[in-house]
Protein chains: 2
Amino acid sequence: MPSMNIQIVARRAGVSVATVSRAFNFPDKVAPATRALVERVAAELGYVANASARTLRTQRSRVLGVVLPTLLNPTFAECLQGIAQTAAAGGYAIVPVTTDYQLAEEERAVNQLLAGNVDGMILVVSNPTTSQALERLRANAVPYVLAYNKHGLHPCVSVDSEGASADVVARLVRLGHRRIAMVTGTMAASDRAQQRYRGYLQGMDAAGLTAPPVLEVPFVETAVDALRHYLAETPRPTALFCSNDLLAIRSIRAASLDGLRVPQDLAVVGFDGIALGQDLTPALSTVMQPNHDIGRHSVELLLKALADGVVPRADASLLLPHAFREGESCAAAPT
Amino acid sequence: MPSMNIQIVARRAGVSVATVSRAFNFPDKVAPATRALVERVAAELGYVANASARTLRTQRSRVLGVVLPTLLNPTFAECLQGIAQTAAAGGYAIVPVTTDYQLAEEERAVNQLLAGNVDGMILVVSNPTTSQALERLRANAVPYVLAYNKHGLHPCVSVDSEGASADVVARLVRLGHRRIAMVTGTMAASDRAQQRYRGYLQGMDAAGLTAPPVLEVPFVETAVDALRHYLAETPRPTALFCSNDLLAIRSIRAASLDGLRVPQDLAVVGFDGIALGQDLTPALSTVMQPNHDIGRHSVELLLKALADGVVPRADASLLLPHAFREGESCAAAPT
DNA sequence: CTGTTAGCGCCTTCAC
DNA sequence: GTGAAGGCGCTAACAG
């Protein structure tokens, strides 16, 4: 059956290949009776149009490339789900590639997808400003949208990481916290991490507080030990703002291992809003991003541009709303 | 640049298209000087061979389809990572499709991938015995390997869910537990769930214990409420065996909401071995499956068959080792 | 409304 | 070691 093709169907139906093609692509440009006949024969033979031949001929593959840091962080898994559903609804398949937060992998990924004839790409890159990969896309006039990244010169779907982070600090301050520390993944590997850190510094500054040294740990490792060491320093912070939910979970683990109670001895706030956070004890207090929607809107932006035969414009960028999700890992400072 | 093709490269290099093609596909069938020239020109022009044209000509796409229930369960995200890495190492791209545990979606997914010219598929299906999708693949002679599923008539990469589950019960019994309950996702949607339940019943039987009614909840929902109701029943179990780690996490949540301490008042054991489980408090006690390796071996089996031009055989199935991971969510029964 | 035909870009025999 | 040419399966003019 894999060798089934339009010619065989045409012969069996007693029509020309053009008619078979039209019956599928422009059903109303074919007589109802003929169409029914073709459809019946095609169904009998299990015919499905060869995607490669169609792509070669039309120069459209109906495939979108997706470049993500990792799927092991539920944030991106949730986003990818939004991407996949929206793409499928629009008749597009997706080819995801992960970079593990490695710059070199970003370029490899883009090249691979470029060679794979994708119609467009959704990417989460380390840093849009310095990205060679994006440069490559621009040079090739490949339509793309960035997810999570935020940059004035590229089409992006993101949230206000900076503002949200400053708000978190303000909230902690209202709860009576003064020694508010921050822990983040490798900042060089993520503009979001940089934005969140900047927001944190702004929040501290606005409250007239001095920020203690930030703890920076690799994205991929568990780093519970580093967190324990960090928390063992005196004066110990009363609140910890974590640049992402996985770090928050590990921070809670580290605190527990050292006999600290969360939130009584240490308030912990995350960032991302992964669904799992709500099922933990204590439930994670976090900045909830609409991960699914970030994926969905990214695809919608891209598909609209594809339909119009243009590349998405930077000024079509979307800033989606975030929200603080009250959990149990964050409470007032000890008095 | 997207319109770059072999002809342009050939002209620019002053050779024929055949030579360019050979320079890339059979480097040693071309004079070193010629090859260097072609490579230089191609690099300058940013030429990459058109995947669709190559696929159409060679009848090989170097793409693998992957059918999974969901990526929101880290089990499958971890597995997909193994799949992606191994596929990439072998020069294959992947197209993942999720089914959300819906039977109808399985067929849709397979049809979509079939139309997409994949060279083979890795699948996690609900039930290999009754799967229309697998029948479709067999009829079309499409090479495939099942992951997690276990079935004598299909090539599978799995673990001994049944044995592992019986062992969990035996372990709980050794810890002094008598009222050991089980909670599972919808069994009709997963042969693994069925196997794990069967193993649980065997373990109970072997210990001369009566199994209380099992709690069956949908895979996709959180179901913390259902769990709370279940745990409120008297006599309350002293140990809970959960068919997967997400359920275990939610069970711990449900217990906490009812003021039950884990593991003192309720021992909880999961199944899957998701990495996150180790960072929770209490750390999850669970049956660790080699999720990454399940993905890796599935691809290796598939690629070997592709290389040999055959479909993977059922008797090439792999049963990978599992291990009990000692966490903190499981302890001796109260005396 | 339907048929004929030219190529999309590539690989691969077959000559040379 | 290299070149010429056919055809993979499909769609889109163009005729009829």
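The values are calculated or read from the model by the stated rules, or taken from the named source; none is laboratory data. A quick note: this is a predicted structure, and the numbers were derived from the prediction, not measured. Here Cβ is always computed from backbone atoms with ideal geometry, including for glycine, and neighbour counts include all displayed protein chains. The accessibility values were calculated without ligands, DNA or RNA, using every heavy atom of the protein model including side chains. Shrake-Rupley method; radii C 1.70, N 1.55, O 1.52, S 1.80 Å.
Each residue was assigned an accessible area with a 1.4 Å probe, and for B:K150 the value is about 90 Å². Summary for B:T129: label point 7 Å along Cα→Cβ; distances to the equivalent points in the other copies, ascending, 6.1 nm. When chain B is treated as a Gaussian network with alpha carbon springs shorter than 10 Å, the biggest mean-square fluctuation among B:R108, B:R296, B:R12 belongs to B:R12. In chain A, the DSSP beta bridges split such that about 10 percent are antiparallel, to the nearest 5. Dipole orientation for segment B:108-224: of the candidates B:T210, B:A133, B:V159, B:T210 has the Cα lying most toward the positive pole (charges on Cβ; Lys, Arg +1; Asp, Glu -1).
Can you work out the FRET efficiency for the pair B:A36 and A:L153, with r the C-beta to C-beta distance and R0 = 45 Å, to the nearest 0.05? It would help to have the intermediate numbers written out before the result.
Details: r = 38 Å, r/R0 = 0.84.
Between B:A36 and A:L153 the formula returns 0.75.
Using a probe of 1.4 angstrom, how much of the accessible area of chain A is carbon and sulfur, in percent? All intermediate terms of the calculation are to be shown ahead of the outcome.
Values: 7480 of 14070 Å².
C and S atoms contribute 53 percent here.
Starting from the Cα gyration tensor of the protein assembly as shown, take the square roots of the eigenvalues, sort them a ≥ b ≥ c, and report rounded, prolate or oblate (rounded when a/c is under 1.5, otherwise prolate if a/b is larger than b/c, else oblate).
oblate
The spacing between segment A:31-77 and segment B:109-169, judged by their C-alpha centroids, is 22 Å. For the pair A:D265 and A:D100, a Förster radius of 22 Å applied to the C-beta separation gives a FRET efficiency near 0.05, rounded to the nearest 0.05.
The heavy atoms of B:E300 present about 80 square angstrom of accessible area, all protein chains included, probe 1.4 Å.
Spacing of the modelled spin labels on A:A314 and B:Q85, each 7 Å from Cα toward Cβ, amounts to 3.7 nm.
Rounded to the nearest 5, what % of DSSP beta bridges with both residues in the protein assembly as shown are antiparallel? Spell out each step's value before the answer.
On the way: 6 of 68 bridges.
Looking only at bridges with both residues in the protein assembly as shown, the antiparallel portion is about 10 percent.
Secondary-structure-derived ellipticity at 222 nm for the protein assembly as shown, considering helices only, amounts to -13500 deg cm²/dmol, per-run term -39500 (n - 2.57) for DSSP H runs with n ≥ 4.
So how strong a dipole does the protein assembly as shown carry about its Cα centre when Lys and Arg Cβ are +1 and Asp and Glu Cβ are -1, to the nearest 20 debye?
Details: 60 positive and 60 negative charges, 400 e Å.
It works out to roughly 1920 debye.
Near A:A333, the amide H atoms lying under 5 Å from its own belong to A:G176, A:H177; only residues 5 or more places off or on other chains count, and H is placed 1.01 Å from N. Each chain gives up part of its surface: B and A jointly bury about 3600 Å² of accessible area, both sides summed, for a 1.4 Å probe. So what's the gap between the Cα centers of segment A:301-319 and segment B:192-213, to the nearest angstrom? That distance is 55 Å. The Cα trace of segment A:193-266 gives Rg and Dmax of 12.4, 34 Å, the first to one decimal, the second as a whole number. The relative contact order of chain B, computed from alpha carbon pairs under 8 Å that lie at least 6 residues apart in sequence, is 18 percent. Applying 1/(1 + (r/R0)^6) with R0 = 51 Å to the Cβ-Cβ distance of A:R138 and B:V220 gives a FRET efficiency near 0.80.
Note on B:A170 and B:A43: their simple-model spin labels are 6.1 nm apart, each label 7 Å out from Cα toward Cβ. Modelled label positions at A:D205 and B:A53, each set 7 Å beyond Cα in the direction of Cβ, lie 5.5 nm from each other. Contact with the other protein chains removes 40 Å² or more of accessible area, compared with the isolated chain and a 1.4 Å probe, from these residues of segment A:52-72: A:S52, A:L56, A:L71, A:L72. Using heavy atoms of the protein chains and a probe of 1.4 Å, the accessible area assigned to A:L175 is about 60 Å². For A:R40, inter-copy separations between label points set 7 Å beyond Cα along the Cβ vector come to 6.4 nm, shortest first. Taking θ as phi - 60° and the Karplus parameters 6.51, -1.76 and 1.60, the scalar couplings of segment B:90-98 work out to x, x, 10, 9, 10, 10, x, 9, 9 Hz in sequence order, x denoting glycine and proline.
Sorted from nearest, the other copies put their A:V310 label points 5.6 nm away, the label point being 7 Å from Cα in the direction of Cβ.
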